[in-house]
Amino acid sequence: MTKKKINIRFNNLPNSTYVFIVAFVLASVIVPNFFTPGNITTMLTQACVMMILSTAMSMCLMMGCIDLSLGGMVSMTGVIIAILLRNGVHAGLAILAGIVSGTVFGMFNGFVVTKMKVPPFIATFGASGIAQSIANTLSNERTISWEQGSHVKLVNLLGSNILTVYFGPRPAQILSISALLLITVIILAIVLVLFKKTTLGSNLYALGANEETARLSGIDNVKWKIGIYALSGFLASLAGMIVMIRTNSLQPTVGDGLEFQAVVAAVLGGNSMKGGKGSVPGAILGALTLYTVRNAMSLWGIDTSVVMVVIGCILVFGMVLNQVVNTLAEKKKLYRRAEGKEA
Amino acid sequence: MQDMQRKRITARLCGLSTVIIMIFVLTLFTIINGAKGINFLTPSNVSTIMNQASFLVIVGIGQAIVILVGGINLSMGAVMAFTTVLCGGMLLKDSNTNVMIPVLLILAMGAVIGFLNGVMVTKLNIPPFIATFAMMYVCRGLAWVYLRNRVLYSLDEGFRKIATGRLVSIGGFTVTVPMVIAATALLVFYLILRRTTLGRKIYFTGANPTAAGFSGINTERLTILIYILSSVMAAFAGLMYVARLNSAEPGLAGKAHFEAITISLIGGFSMAGGYGNIWGIAGGAVVVYTIQAGMNSLQLPSELQTLVNGALIIIAVFVNQFLMNKKMEIENDLCEELTVQKAKKKADKGMEGKG
């Protein structure tokens, strides 16, 4: 009995688990400086933003939409927070303003998609231009930095490490967990709990699989879509805040291309472009896979353009692997059903 | 009867949504520019816009045919850069090769990449968005790897004619070689799509791949063919772009695929596939470049231009969708009315016969 249970659990793992494990083990074996506490720290801190964005993207993909404005919103909210900080506004208020603006922008996306019936792909692409333009205009296309003072205490606090474990004296041997990582984990945990324990998850799947059926069975699709786009904007603004705190200054083009990385991560995690399928943990693992590859290859001294090629290949490989795993699972299901009938 | 006539005319008008958007954008920028004392609609300005749009028309056709079969091709910009960068050395002024060799090589490479795209989409069953996206990363990355930060500069003069050549000038309006190329391409694809069985098959496959497959169309082969055509068009557009810039570089046409998708949607193609008229591409390209030229002549700062561009794209696609839906509604109404009338006539005739 116990064996069967484990089997089922194993089948339910998101597909990106295998890609992630393969990538991680390969990186640890091949690249000498990869599996050190210091490097793991760096990698996790770098991956924070992408983990959040891929969560947002995977939820959009699940309901059959896409949000290409994530990168633009990261830039926009980051610039808004940074400019308020530069003007001496208290950090808490500044962050709140950033989050509110991101959420409102997300709602605008949802409005365009649902009420104006513009295809999500083009609506959010246009919106990303708008968000990026707001970021560029506000910042005059220059890097924003701010002076130290009592009002940025919160930012410094969020940027500090909350836990440091020394495995040795060298920086590579120090494992530190920053407050940002903790925040990311908490946010992701909240989203996952909401997804599993409320109707959020099932409604998203229903909307993605067949919007008309979902509407007829009593799901207010307009409300849900606007809500998910708002949530996506909210998560993007948190990502903007994290980027800003991590780099301690902000370039207005910081979010450029992040949305596509998020799509890659989400799709590696088993999300389908057509909606109705996929998992949030899978997307998070997909993000981790991406950053494992990037980090390992840059440690190995490989050019970023080669990394691009490799990521493209991994994407195709991951998709094929996803399908193989799916077909096997399907076969197993059929086999079991046949067995059950015979018994 | 009059009511029906009016409805028919409205349906026709709604069907011309791209033209309506085009006229609207042109008048808008003419008025705004006119208020500032700039004459926007001069023949030379219009010819500049049309010349610029011609480049995008080639990419747009490549994107539109893929959208017709329900796919999407994100690798176009990267294909443009990759193929021209790899063969750019042979296009240089001081290379001793015949220009036709690199041109043919570039088109052939485009075909190979398109074939790979098609195989990934059909045989490996990868969604088009992901397959072409991966191809975009691979091609763009390889282009950077091959050329690093160098730029291949000063190309063969004879070759550059395909982008800079001028034919005749009528009262300030210059007919350029790109315009002729774009018009020819549009005509060829119009004939293919509307006058051949291949075109019918493409529309059918886009509208309902399963039904198309059951009625004996080899949809897989057709899809691969479409992706090949799309990539060849991209490679050809790449040739035109490098000829215009007089240099080949790995960062070429970074957003070309997006521009192509935008003009396809403004041109009345549906993302779901199976619907659209190839002439809409010309309209879409003119709309995009009118917006661009209008903002340039107003001297808007570049960061604001992105904002206006984004907003206008959303609005244009919204208007298009709205008019299309309206047209469908009216046509459905008309259909119903016609059937009712026919039934009535039949009934009347039956009565007469009995009488």
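The values are calculated or read from the model by the stated rules, or taken from the named source; none is laboratory data. Owing to the predicted nature of the structure, the values given are computational and were not obtained by experimental measurement. Every residue, glycine among them, receives a Cβ derived from its backbone with ideal geometry; neighbour counts consider all protein chains shown. To get the accessible areas, we keep the full protein, side chains included, count just its heavy atoms, and leave off ligands, DNA and RNA. Shrake-Rupley method; radii C 1.70, N 1.55, O 1.52, S 1.80 Å.
Points to keep in mind about this one:
- Stokes-Einstein D in µm²/s, Kirkwood radius over Cα pairs - the protein assembly as shown at 25 °C with 0.890 mPa s viscosity: 89 µm²/s
- Three-way shape call for chain B based on the alpha-carbon gyration tensor, with the a/c threshold at 1.5: oblate
- 30 Å Cα-Cα reach of B:K161 towards lysines, excluding residues that sit fewer than 8 places from it in its own chain: B:K93, B:K255
- Legend: residue pairs A:K115/A:K277; A:K277/B:K201; A:K196/A:K277; A:K225/A:K274; A:K117/B:K201; A:K197/A:K274, Cα-Cα distance threshold 20 Å; pairs beyond threshold, A:K115/A:K277; A:K277/B:K201; A:K117/B:K201; A:K197/A:K274.
- Remark on A:I162: its backbone amide H falls under 5 Å from those of A:I177, A:S178, A:A179, a criterion applied only to residues 5 or more positions apart or on other chains, H modelled at 1.01 Å from N.
- Percent carbon-and-sulfur accessible area, segment B:220-274, ignoring ligands, DNA and RNA, probe 1.4 Å: 58 percent
- Table column - 3J(HN,Hα) (Hz), segment A:135-142, Karplus curve with 6.51, -1.76, 1.60, x for Gly and Pro: 4, 5, 5, 5, 9, 6, 6, 10
- 0 to 90° range, to nearest 10: angle between helix B:43-68 axis and chain B longest Cα axis: 70 degrees
- Here the relative contact order of chain B, from alpha carbon pairs under 8 Å that lie six or more residues apart, stands at 34 percent.
- Spatial separation of Cα centroids for segment B:32-102 and segment A:163-211, in angstrom: 44 Å
- Farthest towards the positive end of the charge dipole of segment B:232-355, among the residues B:V319, B:I266, B:A347, is the Cα of B:A347, using unit charges on the Cβ of Lys, Arg, Asp and Glu.
- Interface size A-B, as summed buried accessible area [1.4 Å probe, Å², nearest 100]: 3300 Å²
- Summing +1 for each Lys or Arg and -1 for each Asp or Glu among the other residues whose beta-carbon sits under 14 angstrom from that of A:E147 gives +2.
- For segment A:227-343: rounded, prolate or oblate by the Cα gyration tensor [a/c cutoff 1.5]: oblate
- For A:K333, a cut-off of 19 angstrom between C-alpha atoms picks up these aspartates and glutamates, skipping any fewer than 8 places away in its own chain: A:E342.
- Mean accessible surface per residue for segment B:1-77, computed with a 1.4 Å probe while every protein chain stays in place, in Å²: 45 Å²
- For segment A:252-276, residues shielded by at least 10 square angstrom of accessible area compared with the chain on its own, probe 1.4 Å: A:F260, A:Q261, A:V263, A:V264, A:V267, A:M273
- Rg(Cα) / (2.2 N^0.38 Å) computed for segment A:62-194, rounded to two decimals: 1.30
- Taking Lys and Arg as +1 and Asp and Glu as -1, the other residues whose beta-carbon sits under 14 Å from that of A:G275 total 0.
- The ellipsoid that matches the Cα gyration tensor of chain A has semi-axes, each √(5λ) in whole angstrom, of 34, 28, 18, with the longest given first.
- Estimated [θ] at 222 nm from DSSP helical runs (n ≥ 4, -39500 (n - 2.57)) normalised by residues in the protein assembly as shown, nearest 500: -25500 deg cm²/dmol
- Measuring spread by the Cα atoms of segment A:258-309 yields a radius of gyration and Dmax of 12.4, 40 Å.
- For A:T42, the shell of other residues with beta-carbons less than 13 Å away shows a net charge of +2, using +1 for Lys and Arg and -1 for Asp and Glu.
- Residues of segment A:307-336 buried by at least 50 Å² on assembly (accessible area, 1.4 Å probe, chain alone as reference): A:M308, A:V309, A:V316, A:M319, A:Q323
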